[in-house]
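Here the structure comes first, spelled out in C-alpha cells, and everything after it is commentary.
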Amino acid sequence: MTASGERHDDQARLDRAGRYLPMVAVREDQRGGPPIDRRLIVAANRGPVSFHRDPSGGLTVSRGLGGLVSVLNELFRQHPGTWVAAAMSEEEDRLAGEGRAVDIDLDGVPYAVRYVSLDRDSYDRYYNVVANPLLWFVQHYLWDFARHPDITAAEHAAWDSYLAVDRAFAETIADEIGGDGGDALVMLHDYHLYAVAPEVRSRAPGAFLHHFVHIPWPQSDSWRVLPRRMRTAIFEGLLGNDIVAFHTEHYAQSFLDGCSDVLGLPVDYRRGVVEAGGREVWVRSYPVSVQPENLRQAMSADEVALRERSLLEERREYLVLRVDRLDPSKNIARGFRAFDVFLSRHPEFARRVTFLALLQPSRQDVPEYVACREDVLRVAEEVNARHGRGDWWPIDVRVQDDFATTLAAYRHYDALLVNAIFDGMNLVAKEGCAVNQRDGVLILSENTGAYGELGAFALGVNPFDLEEQAEAIFRALTMSAEERRTRAMGLSDVVQHNSVERWIETQLADVAARMRSQP
C-alpha cells in the first residue's frame with residue numbers, strides 16, 4: 001500500500017471482469033532517456049496571455065487565468081515551442097490575421113503564441129452550447145436525464161460549429177508545423193479540441209499527437225446521451241492521437257471501456273492500448289499537481305500580507321474555507337447545506353466558526369451557470385438567516401477573483417472543504433495543502449481525481465451525503481493536534497513529491513517510448 005492508499009500489486013491491476021487496468025504511464029526505466037528532438041506545439045482553447053488595446057490605443061498584455069497556464073509554462077521552460085489558442089480579442093484577431101506566432105516571455109519563460117481567428121457566432125456555439133454545458137455536463141454527470149438535455153436542431157447546428165472550430169485549430173497547427181510533421185510534437189489539451197487530431201494528422205501525417213483530457217471521463221453509458229454522430233466523433237477524434245492522457249487510472253479505464261462499448265474496438269487492458277485505424281493508441285494517466293515553491297514565493301507579496309491582516313482581524317476561533325469557481329460541478333450549495341446541518345447538530349460552535357467561501361465568477365453567459373450562482377447565494381442567505389446572531393454571519397461569501405485573498409486564506413484555514421460532485425483532479429486541494437500553516441484538515445470528495453493521491457490523509461466524503469460532510473466538518477474542527485499534524489505532513493509530502501516537473505517528465509518519457517515503439 002502506498003502513501004496515497006493505492007495498491008500496486010498485480011491483483012490490484014485487475015478490474016471486476018478480470019481485465020488488467022492500464023499501467024500508470026511512467027516507469028522508472030523510461031526516465032532519463034534521450035531528449036525528444038521535436039518542435040513542441042501546444043494547443044488549448046485559451047492562451048497563456050491576453051492581448052488588448054487600452055483606451056489610449058496602447059497594447060496591454062495580461063497573464064491568462066487558470067491552472068493550465070502555470071503547468072504548461074513549466075513545460076515550455078523545459079521544451080521551448082509555440083502555444084496555439086483561439087483569438088479572444090480584436091488585437092488577437094489582428095495577430096491571427098498575420099499568420100504567424102508572436103514571441104512572449106511569461107515568468108521568465110520565452111516561447112511563442114499563435115492565435116486562431118474564428119467567427120464569433122461559431123465560437124459562441126462551440127463554447128457556450130457544446131463545450132459548456134453539453135460536454136462539461138456529460139463528463140461531470142450533471143444532467144438530470146429525466147428532463148435535460150434536449151438535443152434539438154440548435155445543438156446539432158452547434159456541433160457543426162464545434163467541428164468547424166476544431167478544423168480551424170487543426171489548420172493553424174498544420175500551418176505552424178509547415179511540413180509533414182516529422183519534426184513536430186503536438187500536445188492538445190482538454191474537451192474543447194476533441195476533433196483536432198485527425199485533421200492535423202491528415203495535413204501533417206508525421207506529427208506525433210498527444211491529447212490530455214483534464215476533466216473526468218465518464219462511464220460508457222453516459223456518452224449515449226449524445227447523438228451517435230457526436231459521441232462517435234469524440235472517440236474517433238481522440239483516437240487520432242498517439243497518446244490519450246487523463247489525470248487518473250480510473251478515467252483512463254473508462255476511456256478504454258468506451259472505445260470497446262461505443263466503437264466496438266479491440267482494447268488491450270493490460271497494456272493500456274486501443275487498436276484504431278491500423279494504429280496503436282496508448283491510453284495513460286498522469287496526475288497533475290501544483291508548484292509549492294511558486295505558491296510560497298507568491299505568499300511573500302505585500303498584497304497577500306495586507307489581505308492576511310484583514311483576515312486575521314475578522315477571524316473567529318475556527319475558519320472553514322472553500323475556494324471554487326461558481327460551477328455546478330463544484331457542489332457549492334450542497335456544501336453550505338452540510339454546514340447548516342453541522343451548525344444545527346453542534347450549536348456550541350455558534351459565533352466561533354466562519355465558513356469563508358471565495359467564489360470566482362464562471363461562464364455567466366451560460367444559463368446553467370447563472371442558475372448555479374443564484375442557487376449558491378440563496379442557500380447562503382438561508383443559512384445565515386437561520387443561524388446568524390448579531391454581528392456573526394456563519395457563511396461569508398465573496399464572489400471575486402482575488403488570488404491574494406485566496407493565498408491568505410489558504411495559510412490560515414482549519415478545514416478546507418472540497419466536495420465536488422466529480423472533478424478531473426482539483427488543484428485547490430493541493431494548493432491549500434502546500435501552503436497552510438495551521439495543520440488544516442482537508443475534507444475531500446471521493447469523486448475528485450485528487451482523492452487517489454490525497455485520500456489517505458484527508459477526510460473523505462460522499463459529495464451527496466450532507467450528514468457525512470457535516471460530521472467531517474465537526475471531526476476536522478475537534479481533531480487532536482497530533483492527528484492534524486500527521487495528516488497535514490502526509491498531504492504536504494504527497495504534493496511535494498508529485499510535482500509539476502514530475503508530471504511533465506513522465507509524459508515526455510512516454511512520448512519518447514511511444515516514438516521508439518513505432519515502426
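Among the residues of region 309-365, the one identified as closer than 23 Å to Arg411 by Cα, out of contact with any strand residue (DSSP E or B) (no Cβ under 9 Å at 6 or more places or on another chain) and among the basic types (Lys, Arg) is Arg309.
In the set Leu442, Leu417, Leu459, only one residue is without any contact (Cβ under 8 Å) to a residue 40 or more places away in the chain, within 26 Å of His346 (Cβ to Cβ) and not β-branched (Val, Ile, Thr); that residue is Leu459. Could you look through region 124-167, keep only residues that are in contact (Cβ under 8 Å) with a residue 60 or more places away in the chain and not in a helix (DSSP H, G or I), and pick out the one that is surrounded by the most Cβ atoms within 10 Å (Cβ to Cβ)? Here the residue is His140. Close Cβ contacts (under 8 Å, 6 or more residues apart or on different chains) running from residues in region 207-221 that are assigned to a helix (DSSP H, G or I) to residues that are among the hydrophobic types (A, V, I, L, M, F, W, C) comprise Ser220/Val262. Number of residues in region 415-430 that are farther than 13 Å from Gly66 by Cα and assigned to a helix (DSSP H, G or I): the value is 2. If you check Val71, Val109, Val49, Val113 for being at pLDDT 95 or above, of a type outside the set (D, E, K, R) and in contact with a helix residue (DSSP H, G or I) (Cβ under 9 Å, 6 or more places away or on another chain), only one passes: Val113.
Consider region 477-517 and keep the residues that are surrounded by fewer than 17 Cβ atoms within 10 Å (Cβ to Cβ) and free of Cβ contacts under 8 Å to residues at least 40 places away in the same chain. The one that is nearest to Ser289 (Cα to Cα) is His497. Just checking, how many residues over region 266-322 are of a type outside the set (Gly, Ala, Ser), assigned to a loop (DSSP other than H, G, I, E, B) and over 30 Å from Glu471 (Cα atoms)? So the count comes out to 6. Counting the residues of region 97-120 that are assigned to a helix (DSSP H, G or I) and either touching a residue at least 40 places away in the same chain (Cβ under 8 Å) or farther than 18 Å from Ser161 by Cβ (or both) gives 1. Number of residues in region 168-180 that are under 16 Å from Ala96 (Cβ atoms) and either surrounded by 21 or more Cβ atoms within 10 Å (Cβ to Cβ) or of a type in the set (A, V, I, L, M) (or both) equals 7. The set of residues from region 341-374 being under 26 Å from Gly432 (Cβ atoms) and within 23 Å of the chain's Cα centre (by Cα) comprises Leu356, Ala357, Leu358, Leu359, Gln360, Pro361, Ser362, Arg363, Gln364, Tyr369, Cys372, Arg373.
Of all the residues in region 292-324, those that are modelled with pLDDT of 95 or more, within 25 Å of the chain's Cα centre (by Cα) and not β-branched (Val, Ile, Thr) number 3. Residues in region 460-487 that are over 18 Å from Phe336 (Cβ atoms), in contact with a strand residue (DSSP E or B) (Cβ under 8 Å, 6 or more places away or on another chain) and of a type in the set (A, V, I, L, M, F, W, C): Met479 alone.
The values are calculated or read from the model by the stated rules, or taken from the named source; none is laboratory data. Model, not experiment: these values are computed from the prediction. Backbone-built Cβ (ideal geometry, glycine too); neighbour counts: all protein chains shown.
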